[in-house]
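A quick write-up on the structure given underneath.
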Amino acid sequence: MRGNKAQAVLITVYGNRAYEDTLAELKDTLTDAGFSCTAAVAAVAEHSIMRRFAAGRPDAQDAQELAAFAETIRSRLQSGKIPAELDLPGSQPYREYGGVPMKPQAGKACTRCGLCAEQCPAGAIHISNPAKTDARLCISCMRCIAVCPSRARKVSRILLAAGSLKLKNACSKRKSNELFL
Ligand SMILES: Cc1cc2nc3c(=O)[nH]c(=O)nc-3n(C[C@H](O)[C@H](O)[C@H](O)COP(=O)(O)O)c2cc1C
Ligand code: SF4
Ligand code: SF4
């Protein structure tokens, strides 16, 4: 991708825990590609793996806040008064991504319809045997669980319970959407 100095608005969506260096890394990546980063948003949505955290978000309050952010960004772009350097949280070296050990598998309810294999963004499910997941390819996005019409796909209950316990303190309190200009 080449930016050719086009103005970019950076957006990260996270599951009410933390977005850490994501915006800083996104800015570095886009700047290297020739974009001019003019604004950034960190927005909260339901946690894709442990869905009890930030359940139901984005909600009506989020929608209102994000619409207001969009208006502010629009006025800023129209005014042409854009600061030379967008100051964002995050540091270098970026925090190492350790991976997520949760890889969904299908149980007895699987009808072999193949939808999960079709929709998996990583090609980790083989259409001829959708009950199995290639753990080396799976990115733990949980899309297959969301699309399965038979609710046949699940991750390990033990890992899910352990993960929820670990994240409980960090994820339970409502976090706000943030705008950086
Ligand atoms: C592999 C993986 C890692 C995640 N890591 C974090 C995290 O570090 N912090 C956090 O708050 N949410 C984390 N989440 C939750 C998602 O960021 C959150 O659910 C978000 O809304 C997903 O938005 P998206 O579907 O647009 O990517 C993670 C989700 C997945 C699937
Ligand atoms: S979407 Fe569900 S029912 Fe269909 S193949 Fe996948 S696991 Fe089986
Ligand atoms: S969790 Fe995501 S990457 Fe892993 S098998 Fe399901 S859809 Fe594919």
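No value in this document is a laboratory result; all are computed from the given coordinates. None of these values were measured; they are calculated from a predicted model. Positions of Cβ are backbone-derived with ideal geometry, glycine not excepted, and every protein chain shown enters the neighbour counts.
Observations on the model:
- DSSP-assigned coil residues among chymotrypsin sites (Phe, Trp or Tyr not before Pro) in region 61-159, each with at most 15 further Cβ atoms within 10 Å: 94, 97
- Count, lysine Cα pairs under 17 Å in the chain, 8 or more residues apart or across chains: 7
- Nearest-0.05 FRET efficiency for residue 112 and residue 52, computed from C-beta distance (R0 30 Å): 0.50
- Förster radius 25 Å - calculated FRET efficiency between residue 77 and residue 13 (Cβ-Cβ, nearest 0.05): 0.70
- More than 12 Å apart - percent of Cα-Cα pairs taken over region 105-155: 53
- Taking 55, 24, 84 as the candidate residues, the one with maximal mean-square fluctuation in a Gaussian network model of the chain, Cα springs under 10 Å, is 84.
- With the gyration tensor restricted to C-alpha atoms of the chain, the semi-axes of the equivalent ellipsoid amount to 35, 19, 16 Å, longest first.
- Dipole size of the chain about its Cα centre, with +1 on Lys/Arg Cβ and -1 on Asp/Glu Cβ: approximately 1020 debye, rounded to the nearest 20.
- Computing FRET efficiency as 1/(1 + (r/R0)^6) for residue 176 and residue 147, where r is the C-beta to C-beta distance and R0 is 30 Å, gives about 0.50.
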